[in-house]
Amino acid sequence: MRGQIRRIPVQGNLPLTRLLREATTILTQAGCDTPRLDAELLLAEVLGCERGWLLAHPEAQVEEAQTERFCSLVERRAKREPLPYILGRAEFYGLTFKVDRRVLIPRPETELLVEKALEWISNRDAASSAPARDFTIADVGTGSGAIAVTLAVLLSKGAGTARAISPLIYALDSSSEALSVAQENARLHGVEGHIAFLQSHLLGALPEPVDLIVANLPYVPSRKLGSLMPEVAWEPQEALDGGPDGLEKIRALLHQAPSRLAEGGAILLEIGPGQAEKVKSLALESFPGAQVKAFRDYRGIERVMCIFWDKIPPSYVDHD
Ligand code: GLN
C-alpha cells in the first residue's frame, strides 16, 4: 500500500464535500474500517470544529493551507496509523486521554473492567465502616493511565458509590515513557493527588498490600500479533505481547498477588478470547477457595475476570 497512496490535488480553496469524498476514497482503498468517519474527524480537527458542523455546512470552502494539512493527516491515516495517535487523544469512559505511540490506545472493552471495579468498590464501601480514604488500588500496567485516572475521577466525585471516596491508587508500569503519559493524563483530569506513579515490573515495586488490583496486561499470544489489524502494529508491542499462550504476564501477576492483596480484596483482570478457563485455574492456584467469575463484553466475549478473595460482594452472587 505504501507509496501508492493517491493524493488530493491541492489548489486554491476547495469545497468541503469534495475533500471529504476524495479522502474517503483514499481511506477506503487503504482498507480503513470507517473511511468516511475518519475523514470527517480529521477534517474537523484541521478546521477546529465539531464533526456536526461539517455535516451542516457541505457548501463551505476549505483554504489551501488547511487542505494541505488535511491531506497530510489523511496520508498518515492511509498508512494505517491509528486515528487516536494522529489526533493525539482517545475517549475512554466519557473522558479524553492524551495518547501517543508510547502507550496502548484505550479500548472500549476495558470500560467493563472499570465498571466492575466501581461496582466492587461501591459494595465494599457500603459494607465497611472504615473511612473511605483508606481504600487502596493498584493498576498494573497502567499505560496511558486510563483505568487509574478514570477510577480516581469517578470515585472522588462519588459517581456510582454512596459517598465520595478518596482512594490511593498506585499506577504501575515497567515503561517510564508510559508513566509520563499517565502522569500527564492525571494532571489533565486534576487527580494527580490520588495517584502514585511507580516504575515496576508487575507488582514488584508496590509498597503495601492493596484492597483492589486491576490490570489490563498484555494477553495476545505472540504468534497472533502479526495477524491483528495493521493499526495495532503502531502500538507498543510490549503492551500486547503475552508470550506463547498470551498468559505470561497474567500468570506472573497471579503468582505475585497473594502477598500483595489485602484480606477481603479483589483482583480484576482483562483477558482475551478463550482465556477464561485457564485464568480461572491460575487464580485458584494462587487463591484457593476464592470466588472467581468472568464477565462478558458487548461482543459476548469473556473479557473481565474477577477474583474475590474471601469476601464476596452480595450483588455478584446471584446474577451474571
Ligand atoms: N484488546 C487488545 C487487542 O486486541 C489487547 C489488549 C491487551 O493485550 N491487553 O488489541
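How many percent of all Cα-Cα pairs in the chain sit more than 33 Å apart? Don't jump to the answer; show the numbers that get you there.
On the way: 16855 of 51040 pairs.
Percentage above 33 Å: 33.
If each residue's Cβ is checked for other Cβ atoms within 10 Å, how do 95, 73 rank with the fewest at the top? Intermediate values should be presented prior to the final figure.
Values: 95 16, 73 22.
Neighbour counts put them in this order, fewest first: 95, 73.
Across the range 190-205, coupling constants 3J(HN,Hα) worked out from phi with the 6.51/-1.76/1.60 Karplus curve, θ = phi - 60°, read x, 10, 4, x, 8, 10, 9, 9, 9, 6, 7, 7, 6, 8, x, 9 Hz, and Gly and Pro carry x.
Taking other residues whose beta carbon is less than 15 angstrom from the beta carbon of residue 13, and scoring Lys, Arg as +1 and Asp, Glu as -1, yields -3.
Backbone geometry of the range 48-63 corresponds, through the Karplus equation with coefficients 6.51, -1.76 and 1.60 at θ = phi - 60°, to 3J(HN,Hα) couplings of x, 10, 7, 4, x, 4, 4, 5, 7, 10, x, 7, 4, 9, 9, 5 Hz, x marking Gly and Pro. For the pair the range 76-97 and the range 226-296, the centres of their Cα atoms are 26 angstrom apart.
Suppose we keep just the DSSP beta bridges with both residues in the chain; what percent of those would be antiparallel, to 5? Mind showing how you got there, number by number?
Values: 17 of 37 bridges.
Around 45 percent of the beta bridges assigned by DSSP in the chain are antiparallel ones.
Give me the percent of DSSP beta bridges within the range 52-208 that run antiparallel, rounded to the nearest 5. Of those bridges, close to 30 percent are antiparallel. Annotation: the residues 298, 93, 170, sorted from fewest to most other C-beta atoms within 10 Å of their own C-beta, follow the order 298, 93, 170.
Report, in degrees rounded to the nearest 10, the 0 to 90 angle that the Cα long axis of helix 176-188 makes with the longest principal axis of the chain. Orientation of helix 176-188: about 80 degrees from the principal axis. Just so you know, the averaged projected area of the alpha carbon convex hull for the range 166-215 sits at 3.5 nm².
Across the chain, the mean sequence separation of Cα contacts (distance under 8 Å, 6 or more residues apart), normalised by length, yields a relative contact order of 13 percent. Across the range 5-155, the relative contact order, built from alpha-carbon pairs under 8 Å that are at least six residues apart, equals 20 percent.
If eta is 1.306 mPa s and T is 10 °C, what Stokes-Einstein diffusion coefficient results for the range 32-151, Kirkwood Rh from Cα pairs, in µm²/s?
Values: Rh = 17.1 Å.
The calculation lands on 93 µm²/s.
Taking amide H positions as modeled 1.01 Å from N, with prolines and chain starts lacking one, the residues under 5 Å from residue 291 and 5 or more places away or on another chain are 308, 310. Per DSSP H run of n ≥ 4, the term is -39500 (n - 2.57); total these for the chain, divide by its residue number, and report the mean residue ellipticity at 222 nm rounded to 500 deg cm²/dmol. Rounded to the nearest 500, it is -11000 deg cm²/dmol.
For the range 6-72, the Kirkwood hydrodynamic radius from C-alpha pairs, put into Stokes-Einstein at 37 °C and a viscosity of 0.692 mPa s, yields a diffusion coefficient of 280 µm² per second.
Within the range 180-210, which residues have the backbone N less than 16 Å from the label spot 7 Å out from residue 259 along Cα→beta-carbon, could you tell me? Within reach of a label on residue 259, which here means backbone N under 16 Å from a point 7 Å along Cα→Cβ, the range 180-210 contributes 201-210.
Legend: ranking of residues 168, 104 from fewest to most surrounding C-beta atoms inside 10 Å; resulting order 168, 104. Checking every one of the trypsin sites (Lys or Arg not before Pro) in the range 107-183 against DSSP loop status and a limit of 13 other Cβ atoms within 10 Å picks out 163. Partner lysines whose Cα lies under 27 Å from the Cα of residue 293, excluding those fewer than 8 positions away in the same chain, are identified as 116, 224, 249, 278, 280, 311.
How about residue 79: which aspartates and glutamates have a C-alpha closer than 15 Å to its C-alpha, ignoring those fewer than 8 places off in the same chain? The qualifying aspartates and glutamates are 33, 38, 231, 235.
Readers should treat all values here as calculations from the given coordinates under stated rules, not as data from a laboratory. As the structure is a computational prediction, the values presented were derived from the model and not from experiment. All Cβ positions, even for glycine, are placed from backbone atoms using ideal geometry, and neighbour counts span all protein chains on display.
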